[in-house]
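Take a look at the structure below.
The values are calculated or read from the model by the stated rules, or taken from the named source; none is laboratory data. This structure is a prediction, so every number in the text was calculated from the model and none was measured. All Cβ positions, even for glycine, are placed from backbone atoms using ideal geometry, and neighbour counts span all protein chains on display.
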Amino acid sequence: DGSVVQAARVSYGEGTRKVSDDRQLIRYLMRHAHTTPFEMAELKFVVRVPMDCWRQWIRHRTASVNEYSTRYSLAIDSMQATADDEWRTQAASNRQGSAGLVAAAEGQRLTEAERDLQGLARKVYEERLAAGIAREQARKDLPLSTYTEAYWKIDLHNLLHFLALRMDSHAQLEIRRYAETIGREIVAPLFPLVWEAFLDYRVEAMRLTRLDREVIGRLVAAAGSRMPAAHADFLAPRPVLEEPRAEPRAGRMPAETGGPRPRTATVSLTPRRSFIMPPTAAEEVLDLNRKLLATIAAGDWPAYRELVAPDITCFEPEAKGHLVEGLPFHEFYFKLAGDAAKPAPRATTTIATPVVKMLADDVALVAYVRLVQKLDAAGSPITVASEETRIWKRFAGGWKHVHFHRSLPS
């Protein structure tokens with residue numbers, strides 16, 4: 001524990017000693033995955049392991065290894081034996097796992113056969129050596145139950161990763177026993193504070209994916225004080241938010257949407273799939289983004305200007321690859337005169353699979369695919385898709401749209 005703490009505090013000098021004791025510091029490092037201090041402590045083991053177990057062990061390529069060589073020395077005259085009550089059946093649902101135990105009578109038969117096979121393999125090996133066969137060739141028919149020995153040196157960080165994987169209930173029993181012994185009998189006494197934090201924040205902790213967090217947030221919002229949530233709450237569909245239809249002014253669509261502006265426009269959201277920042281802030285930014293698209297669809301320049309920063313920047317197809325700054329470029333398209341007497345086809349704009357991510361406390365990114373359903377010149381329904389990324393920044397007066405990228409419609 002002291003070596004980990006010492007390595008951590010060298011970054012900050014003596015100051016940390018006054019505000020954090022060893023246990024608090026180690027738990028902070030473990031919880032927040034500050035791994036370098038744990039790499040400063042190293043452990044060296046001498047292990048004796050059956051070859052089949054060693055093959056799994058050596059896959060952890062973060063250690064220094066020097067193994068006993070049966071090319072230079074005689075193979076160790078010891079093989080792992082299986083007791084009558086230790087034979088396991090193949091798991092039906094896991095190709096690399098085992099299930100229950102075989103019947104006692106069958107286990108006894110398998111153990112006797114194993115004993116005979118191991119004895120024969122050793123006998124053949126020793127006969128080859130007696131006949132002058134090279135050790136490197138005589139060894140080739142020894143079973144995987146033959147023990148090997150190795151020096152295995154590894155830093156504490158990578159050792160804990162090894163233990164987290166090999167102590168897991170899904171690991172093979174034989175290597176799990178080794179991992180449990182190393183962890184509980186060696187690491188825990190040497191590093192009691194690290195071991196405590198390791199159990200709390202790794203072994204007995206639970207990781208939640210983005211999708212898990214979204215489901216939990218939705219259940220809490222839906223169930224309110226009725227916790228735990230009911231099964232029906234889990235199965236309930238997420239809402240689809242729709243913008244009321246608006247009658248836009250005559251004329252062409254602004255550059256952000258492309259194509260003729262419809263007389264009636266609807267802006268909707270498909271069921272939201274990803275909120276990486278807190279749901280309330282995500283809802284706020286996403287709702288503003290929805291309103292922004294509604295102003296574009298309706299050609300409502302005053303409303304658009306209220307949502308957008310005066311120095312907004314963008315890359316969009318109409319800019320021909322150039323960065324555009326300010327509002328005049330967009331105002332031109334909003335204020336183009338059109339034929340008010342000529343009806344335009346109805347269109348619906350949908351924000352598909354939106355993702356909202358907080359880049360800073362006051363900056364949010366919204367990414368989605370904008371789908372515009374409308375009728376073409378021949379009156380046939382078509383859907384136009386474009387990928388959009390929009391940046392919103394929170395000022396004293398609220399959120400403002402400050403930058404966007406929009407791809408060519410497809």
Just checking, how many residues over region 291-339 are in a loop (DSSP other than H, G, I, E, B), in contact with a Lys or Arg (Cβ under 6 Å, 6 or more places away or on another chain) and either closer than 17 Å to Arg390 by Cβ or of a type in the set (D, E, K, R) (or both)?
1
Evaluate region 6-25: report whether one residue or more is touching a residue at least 24 places away in the same chain (Cβ under 8 Å), assigned to a loop (DSSP other than H, G, I, E, B) and of a type outside the set (D, E, K, R).
no
Quick one: in region 359-410, which of the residues that are among the small types (Gly, Ala, Ser), within 17 Å of Glu316 (Cα to Cα) and in a strand (DSSP E or B) is nearest to the chain's Cα centre (by Cα)?
Ala367
Region 320-331: number of residues that are surrounded by 13 or more Cβ atoms within 10 Å (Cβ to Cβ) and either basic (Lys, Arg) or touching a residue at least 24 places away in the same chain (Cβ under 8 Å) (or both)
3
Would you say Asp200 is loosely packed, with under 15 Cβ neighbours inside 10 Å, modelled with pLDDT of 65 or more, of a type in the set (Asp, Glu) and in a helix (DSSP H, G or I)?
yes
Please go through region 123-145 and pick out each residue that is under 15 Å from Ser73 (Cα atoms) and not aliphatic (A, V, I, L, M).
Tyr125, Glu126, Arg128, Gly132, Arg135, Glu136, Gln137, Arg139, Lys140
Hey, Val356 surrounded by 15 or more Cβ atoms within 10 Å (Cβ to Cβ), in contact with a helix residue (DSSP H, G or I) (Cβ under 6 Å, 6 or more places away or on another chain), assigned to a strand (DSSP E or B) and modelled with pLDDT of 90 or more or not
no
Odd one out for Phe329 among (1) at pLDDT 90 or above; (2) under 21 Å from Leu288 (Cα atoms)
(2)
Does region 96-140 hold any residues that are surrounded by fewer than 11 Cβ atoms within 10 Å (Cβ to Cβ), part of a loop (DSSP other than H, G, I, E, B) and at pLDDT 95 or above, and which are they?
Ala131, Gly132, Ala134
Given the condition within 21 Å of Met51 (Cα to Cα), among the β-branched types (Val, Ile, Thr) and within 43 Å of the chain's Cα centre (by Cα), answer yes or no: does some residue in region 150-173 qualify?
yes
Kindly indicate whether any position in region 57-64 is in a helix (DSSP H, G or I) and either among the hydrophobic types (A, V, I, L, M, F, W, C) or surrounded by 11 or more Cβ atoms within 10 Å (Cβ to Cβ) (or both).
yes
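Return the residues of region 79-94 that are hydroxyl-bearing (Ser, Thr, Tyr), surrounded by fewer than 15 Cβ atoms within 10 Å (Cβ to Cβ) and assigned to a loop (DSSP other than H, G, I, E, B); say none if nothing qualifies. Give the derivation first.
So the first thing to find is which residues in region 79-94 are hydroxyl-bearing (Ser, Thr, Tyr), and the list is 82, 89, 93.
Checking the rest, the ones that are also surrounded by fewer than 15 Cβ atoms within 10 Å (Cβ to Cβ) come to 89, 93.
Hit for region 79-94 is Ser93, nothing else.
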Would you pick out the residues in region 154-188 that are part of a helix (DSSP H, G or I), in contact with an Asp or Glu (Cβ under 9 Å, 6 or more places away or on another chain) and not aliphatic (A, V, I, L, M)?
His157, Asn158, Arg166, Glu174, Arg176
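Would it be correct to say that Thr70 is assigned to a loop (DSSP other than H, G, I, E, B), surrounded by 10 or more Cβ atoms within 10 Å (Cβ to Cβ) and either touching a residue at least 40 places away in the same chain (Cβ under 8 Å) or within 44 Å of the chain's Cα centre (by Cα) (or both)? Step through it out loud before you land on a result.
Values: assigned to a loop (DSSP other than H, G, I, E, B): yes; surrounded by 10 or more Cβ atoms within 10 Å (Cβ to Cβ): yes; either touching a residue at least 40 places away in the same chain (Cβ under 8 Å) or within 44 Å of the chain's Cα centre (by Cα) (or both): yes.
Spelling it out, Thr70 is indeed assigned to a loop (DSSP other than H, G, I, E, B), surrounded by 10 or more Cβ atoms within 10 Å (Cβ to Cβ) and either touching a residue at least 40 places away in the same chain (Cβ under 8 Å) or within 44 Å of the chain's Cα centre (by Cα) (or both).
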